[in-house]
1. Would you be able to tell me the number of residues in segment 102-150 that are over 25 Å from residue 229 (Cβ atoms) and not in a loop (DSSP other than H, G, I, E, B)?
2. Among the candidates 34, 56, 26, which residue alone is exposed (fewer than 14 other Cβ atoms within 10 Å of the Cβ) and at pLDDT 95 or above?
3. So which residues in segment 14-48 are out of contact with any helix residue (DSSP H, G or I) (no Cβ under 7 Å at 6 or more places or on another chain), in a strand (DSSP E or B) and either under 23 Å from residue 62 (Cβ atoms) or outside the structural domain of residue 64 (by TED's automatic domain parsing) (or both)?
4. Within the bounds of segment 224-242, is there any residue that is within 29 Å of residue 104 (Cβ to Cβ), touching a strand residue (DSSP E or B) at 6+ places or on another chain (Cβ under 7 Å) and either surrounded by 23 or more Cβ atoms within 10 Å (Cβ to Cβ) or modelled with pLDDT of 95 or more (or both)?
5. Can you tell me which residues in segment 234-244 are touching a residue at least 24 places away in the same chain (Cβ under 8 Å) and either under 14 Å from the mean Cα position of the chain (by Cα) or not assigned by TED's automatic domain parsing to the domain that holds residue 289 (or both)?
6. Can you find a residue that is assigned by TED's automatic domain parsing to the domain that holds residue 181, in contact with a helix residue (DSSP H, G or I) (Cβ under 7 Å, 6 or more places away or on another chain) and either surrounded by fewer than 22 Cβ atoms within 10 Å (Cβ to Cβ) or part of a strand (DSSP E or B) (or both) anywhere in segment 283-290?
């Protein structure tokens, strides 16, 4: 589309350049070239603006203090990142999918499909399960019995959703995810592990996105619940009976044991491990590769294993780095003391 059309679409004020130039795609500011749009939202990238080859750049007015190429149109807006995202969606639309229920899908006679639902080849939908209006079930998805899936959901290929799971509206589940498998629960008696029956389910609320190859276990008795707007990355393990609040971020390779509570707005960075029955407070941040064995206070930032206040953990790490030097000094002192004693 033309630059002036893109500016109008994204509620930006154009400045400089040629507004009749066409924009074909989006790129980052370091690699963008002619007929592409880019974004400058962080001051540390301002040095790239002077030599930017893009035809247009979303930018906040406060960041315009560098020399700008004459052929570059600045698209001035309050939130360049969000405006740029709107531009990316407009310039890179999803491929059109011919919506149908494949003749190679297997649907139970008691299952129900909403209006404009797509079901791909080799998908299976069990007894008394339902899929809401405009939802997409891609190829080789398995949906068990008594599963409810809401409207405008997208279930990518090879997802498995076990019996009795409840999926809200506008949910995205990426390939290979498994929703509702048994939790890892055993009792040790008479030199053997006795399996704990898991008869609960998984409830996923609206606007949740679940990454590829993530596993969310069903509750032993009640529900494992993922709250409104939460986003879960690839390769995450969520144990049975966890309660995840609203707008929580859980990054890749996190492992969360059973019966934990993660409150609204909390962030778990990559490779965090959480012991069972732990509570992570509202808007708390657990930094990457931390091991959490005790409750985390709301609004706090913790790091390390075992996780503790990040400033304290960093001071301890800095002190540890000085340990070889301190040991050498102690050896010298011990040597002097020995001479004095003699």
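The values are calculated or read from the model by the stated rules, or taken from the named source; none is laboratory data. Because the structure is predicted, anything quoted here is derived from the model rather than measured. Every residue, glycine as well, gets a Cβ built from its backbone with ideal geometry; the counts of neighbours run over all protein chains shown.
1. Counting residues in segment 102-150 that are over 25 Å from residue 229 (Cβ atoms) and not in a loop (DSSP other than H, G, I, E, B) gives 8.
2. 34
3. 15, 38
4. Initially, segment 224-242 is screened for residues within 29 Å of residue 104 (Cβ to Cβ), giving 234.
Next, only the ones that are touching a strand residue (DSSP E or B) at 6+ places or on another chain (Cβ under 7 Å) stay: none.
The answer is no; no qualifying residue exists.
5. If the condition is that a residue be touching a residue at least 24 places away in the same chain (Cβ under 8 Å) and either under 14 Å from the mean Cα position of the chain (by Cα) or not assigned by TED's automatic domain parsing to the domain that holds residue 289 (or both), then 234, 235, 236, 238 are the ones that fit.
6. Keep residues of segment 283-290 that are assigned by TED's automatic domain parsing to the domain that holds residue 181, which gives 283-290.
Narrowing further to those that are in contact with a helix residue (DSSP H, G or I) (Cβ under 7 Å, 6 or more places away or on another chain): 287.
Subset that is either surrounded by fewer than 22 Cβ atoms within 10 Å (Cβ to Cβ) or part of a strand (DSSP E or B) (or both): 287.
Taking every residue of segment 283-290 in turn, at least one turns out to be assigned by TED's automatic domain parsing to the domain that holds residue 181, in contact with a helix residue (DSSP H, G or I) (Cβ under 7 Å, 6 or more places away or on another chain) and either surrounded by fewer than 22 Cβ atoms within 10 Å (Cβ to Cβ) or part of a strand (DSSP E or B) (or both).
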